[in-house]
Amino acid sequence: MTAIPEDLKNIALRTPNIPAAVVCPDQESVLLAINEANKIGLLDPILVGNKKSIEQVASKIDLNIQDYNIVETSNEQESASVACQMANEGRSKIIVKGNLHTDILMRFYLKKEFNLLQGKRLSHIWHMTASQLKKPIYITDGALNVLPRVEIKLQILKNAVEFYNKVNSNKPNVAILSGTEDPIESMPSSVDAKKVMELSKEENINAFIHGPLAFDNAVSKKAAEIKNIENEVAGNADILLVPNLETGNSLSKMMVYFMNACAAGIVIGGKTPIVVPSRADSMNSKLASIMAAIVASEN
């Protein structure tokens, strides 16, 4: 089984038993992750959904949830609405998506009445760990923003640096990925990457930022040396800013399925971080995502 990232766990445990609204938790891996998070003192979960369905799933996996606070709702839309209202009122510090489509939850999260937006662009970030890696790799955005323009990529970058700084004390190396290390008109993402790098320097973002970089030049010192690429980021990237959702999604899934990586994924940029796991994610991945959301929720 993929190991839980210790950096996220240790930081998350600094603020124990934070309240978390779990939306439609009638899913085995979600309940198992929530139960484990509760057991080790991370969460005080509030289960929002159909009580009968939740209890049936819990019974199936022999899980005792008698002491859990269950808020009865009649459908997915009401569950999402109730969870967002809890976040609005400060009764929930993170939101965990269960057995419902991400689109439904995000539609309610974006409603002005819940006051969960903070003037930033919402973005998704993965904290990836694997035994083959010397350090965690952060991938953004591979789940929310499909084909962001330059200005949006800059905001995604800012969100990623802010989250990174809650986990690490050092200045991150950010690689703005494309298929080449030189900006060429026939590859628009490479031109975008250069623009994002220039804008980030103008705004004095607290990170070493370089783009465009191809994936190998971002993570392999040898590849960077062979191509005579010399900068702080080349071969030593902490954050990979991908050109589009397909790239980030594919990269993270390849790491999970080919490297047995643990993918901790959350949506950041709003008042309340959201855990938005895939139904196919492992229990440990969902637990790690909960830890990442707790870290992101800290001021």
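The values are calculated or read from the model by the stated rules, or taken from the named source; none is laboratory data. What you are looking at is a predicted structure, and each value in this text was computed from that prediction instead of being measured. Because the Cβ atoms are built from the backbone with ideal geometry, glycine has one as well, and the counts that use them run over all protein chains shown. The protein model used for the area step is the full one, side chains on, heavy atoms only, and it has no ligands, DNA or RNA in it. Shrake-Rupley method; radii C 1.70, N 1.55, O 1.52, S 1.80 Å.
Across the range 210-299, counting alpha-carbon atoms alone, Rg and Dmax equal 15.5, 44 Å. In the range 37-89, inverting the average of 1/r over every pair of distinct C-alpha atoms gives 12.1 Å as the Kirkwood radius. For residue 63 and residue 221, what is the calculated FRET efficiency with R₀ set at 51 Å and r taken between the beta-carbons, to the nearest 0.05? The formula returns an efficiency of 0.65 here.
The relative contact order of the chain comes to 23 percent, based on Cα pairs under 8 Å that sit 6 or more residues apart. With contributions of -39500 (n - 2.57) from each DSSP H run of at least four residues, the per-residue ellipticity at 222 nm computed over the chain stands at -12500 deg cm²/dmol. Probe of 1.4 angstrom, ligands and nucleic acids ignored: what's the accessible area per residue over the chain, in square angstrom? Averaged over the residues of the chain, the accessible area is 46 Å².
Take the Cα of residue 103, step 7 Å toward its Cβ, do the same at residue 180, and the gap between the two points is 3.6 nm.
For the chain, what percent of Cα pairs sit more than 24 Å apart?
In whole percent, the long-distance tail amounts to 50.
Extents of the range 140-268, taken as max minus min of Cα coordinates on every principal axis and listed largest first, are 32, 32, 32 Å. Each listed q (0.13, 0.19, 0.21, 0.27 Å⁻¹) maps to a log10 I(q)/I(0) for the range 1-75, found by the Debye formula over equal Cα scatterers with no solvent: -0.40, -0.79, -0.92, -1.27.
Here the Karplus curve 6.51 cos²θ - 1.76 cosθ + 1.60, taken at θ = phi - 60°, turns the phi angles of the range 156-166 into couplings of 4, 4, 4, 4, 5, 5, 4, 5, 4, 5, 7 Hz, with x standing for Gly and Pro. For the options 161, 48, 71, a Gaussian network treatment of the chain with springs between C-alpha atoms closer than 10 Å singles out 71 as fluctuating the most.
In this structure, the pairs whose alpha-carbon distance is over 26 Å, taken from 158/271; 227/253; 134/166; 166/201; 112/286, are 227/253; 112/286.
Rg/Rh for the range 1-152 (Cα atoms only, Rh after Kirkwood) is 0.98.
Amide H to amide H distances under 5 Å link residue 20 with 44, 46, 93, where only residues 5 or more positions off or on other chains count and H is placed in the peptide plane.
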